[in-house]
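Below is one structure, written out as structure tokens; the observations come after it.
Each value in this text was obtained by applying a stated rule to the coordinates, not by laboratory testing. Every value quoted in this text rests on a predicted model; they were computed, and no experiment measured them. FYI the Cβ positions are ideal-geometry reconstructions off the backbone, even for glycines, and counts take in every protein chain you see.
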Amino acid sequence: MHKIIISASYRTDIPAHHAAWFKQRLAAGFCDVANPYGGPDATVPLGPDRVAGLVFWTRNIAPFEAALAAVRAQGSPFVVQFTVTGYPRALERGVIDARVAVRQICALSRCYSRRAVVWRYDPIVLTSLTPPAWHRRNFAVLARALGGACDEVVVSFVQIYRKTRRNLAAAAARAGFDWRDADGGVDWAEKRVLLAALTAIAAENGLRLTVCSQPEAGGTPARCIDAARLSDVAGAPITAAEHGNRPGCACHRARDIGAYDSCVQGCVYCYAVAAPRRAAARLRQHDPAARKL
């Protein structure tokens, strides 16, 4: 029987907000997933006989420790894509302190392996609070702290969608900062200069820097859903077709089980939350015993 890779989730932070729900669905062996574009729900298997591996996306793994232990007990390999940016609170109001996040990544690495966790410095947001020189200094501090715990750091520059523009503009008005991507994009030549500097800093700290879904930035393409990395974690080959989610994406095929507008960490640049208040209300009302998020 064909096995699948589960993505949990680039639509929301399941480890930070939905650990109880995930544990119940893992025990049940399946979950339902709403189609974000309309249409009927889909049922996705979660049992070890159907799952080749899992990729978790998070900014706070602490609430998910018991769930990770359950996944390991089930025998399924996993990789944690862990975002740590250390941005000012005006840009990300509700995330845990970067120093706490660094400690969590180091603990994951010790417990599971260096290949089981990937640091994401993603997205890079250029504002008057976070100009290129700020990113170089901030990235260097984080890279020195994480170089021994990871072997890869994934970056990208913020994508400006309609909801991103609205949320960034509201945050800028509240906090009094300017954001450089207001016109839809800083000059790519400037971005490539910054990327080259970050790549060199990463290499100095034993990290390979890869770029997520932005070939125009140059650099090495990232593969966030990576069957080869999962194979290393599993100690056995895992195969999957390349099946990107958007142009420039090099990910292997996976089934995402998350839902948009269900994260309350308050990152004003996030593409997955259109309305923070609606996301907060949805989280309050969610039943952890439900079949879907």
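Yes/no per residue for (1) among the charged types (D, E, K, R); (2) closer than 17 Å to ILE6 by Cα; (3) exposed (fewer than 15 other Cβ atoms within 10 Å of the Cβ):
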position	(1), (2), (3)
PRO215	no, no, yes
ASP226	yes, yes, no
ILE238	no, yes, no
ALA241	no, yes, yes
GLY258	no, yes, no
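Among the residues of the stretch 236-272, those that are under 14 Å from the mean Cα position of the chain (by Cα), within 23 Å of GLY86 (Cα to Cα) and part of a loop (DSSP other than H, G, I, E, B) comprise CYS263, GLN265, TYR269, CYS270, TYR271, ALA272. Each residue in the stretch 133-150 was checked for being surrounded by 17 or more Cβ atoms within 10 Å (Cβ to Cβ) and either in a loop (DSSP other than H, G, I, E, B) or touching a Leu at 6+ places or on another chain (Cβ under 7 Å) (or both), and 6 of them qualify.
Against the test of being within 19 Å of the chain's Cα centre (by Cα) and either surrounded by 19 or more Cβ atoms within 10 Å (Cβ to Cβ) or not in a loop (DSSP other than H, G, I, E, B) (or both), the options VAL193, VAL233 yield a single qualifying residue, VAL233.
Among the residues of the stretch 1-53, the ones that are closer than 18 Å to ALA66 by Cα, assigned to a loop (DSSP other than H, G, I, E, B) and either in contact (Cβ under 8 Å) with a residue 40 or more places away in the chain or of a type in the set (D, E, K, R) (or both) come to 4 in all. Scanning the stretch 205-218 for residues that are closer than 16 Å to ASP187 by Cα and not in a helix (DSSP H, G or I), we see that the one that is farthest from the chain's Cα centre (by Cα) is GLY218. The residue that is surrounded by the most Cβ atoms within 10 Å (Cβ to Cβ), among those in the stretch 19-50 that are in contact with a Pro (Cβ under 7 Å, 6 or more places away or on another chain) and within 26 Å of ARG229 (Cα to Cα), is ALA19. Residue count for the stretch 62-99 satisfying the condition of being part of a helix (DSSP H, G or I), out of contact with any Gly (no Cβ under 8 Å at 6 or more places or on another chain), in contact (Cβ under 8 Å) with a residue 24 or more places away in the chain and hydrophobic (A, V, I, L, M, F, W, C): 7. The set of residues in the stretch 100-127 being surrounded by fewer than 22 Cβ atoms within 10 Å (Cβ to Cβ), over 15 Å from CYS270 (Cα atoms) and touching a residue at least 60 places away in the same chain (Cβ under 8 Å) consists of TYR112, SER113, ARG115, ALA116.
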